[in-house]
Amino acid sequence: MQQYEIKRGLQENLQKDKLKVTLQDVFGKAEEKDGRMVSSFGALKELKAWGEGKRLCVETTMDTNVSNDIAAQTIKAYNVFLERVTGLTAKERGKKSQKAAKEGKL
């Protein structure tokens, strides 16, 4: 499971209905299972997303037997999803992760 910080003022993006709309926009489909939003796309067999406090939690199951094109499309779509929900680019998320690791918070 991965946890991502949310940019200040965007906590409403963690609500189930907003997560569902974002998942549908990016991946084409989404449904609710066990209180979590679930979707799939390309190499993502299953993606579960939910809010926990001020963090986005994401659990993924990947299909490693896909072509490079599909893998690239999946990564691109996943990053778009994360950016829309968290308000942070991949570079900004990486910097925050490195900072947290240095501080021993991971």
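Any read-out appearing in this document is the output of simple, stated calculations on the displayed coordinates, not a laboratory observation. Owing to the predicted nature of the structure, the values given are computational and were not obtained by experimental measurement. Heads up, the Cβs are rebuilt from the backbone with ideal geometry, glycines too, and the neighbour counts pull from every protein chain shown.
With R₀ set to 25 Å, the beta-carbon distance separating Val66 from Lys105 gives a calculated FRET efficiency near 0.15.
Positive end of the dipole of region 2-102 (Cβ unit charges, origin at the Cα centre): among Gly35, Gln24, Gln98, the Cα lying farthest that way belongs to Gln98.
Across the chain, the relative contact order, built from alpha-carbon pairs under 8 Å that are at least six residues apart, equals 29 percent.
Stretching the chain fully between Val80 and Lys96 yields a gain of 4.0 nm (0.36 nm per residue, less the alpha carbon separation). A dipole drawn for the chain from +1 and -1 charges on Cβ atoms has a positive end, and of Leu44, Asn65, Gly9 the residue lying farthest that way is Gly9. For the chain, the dipole from Cβ point charges (+1 on Lys and Arg, -1 on Asp and Glu) about the Cα centre works out to 520 debye, to the nearest 20.
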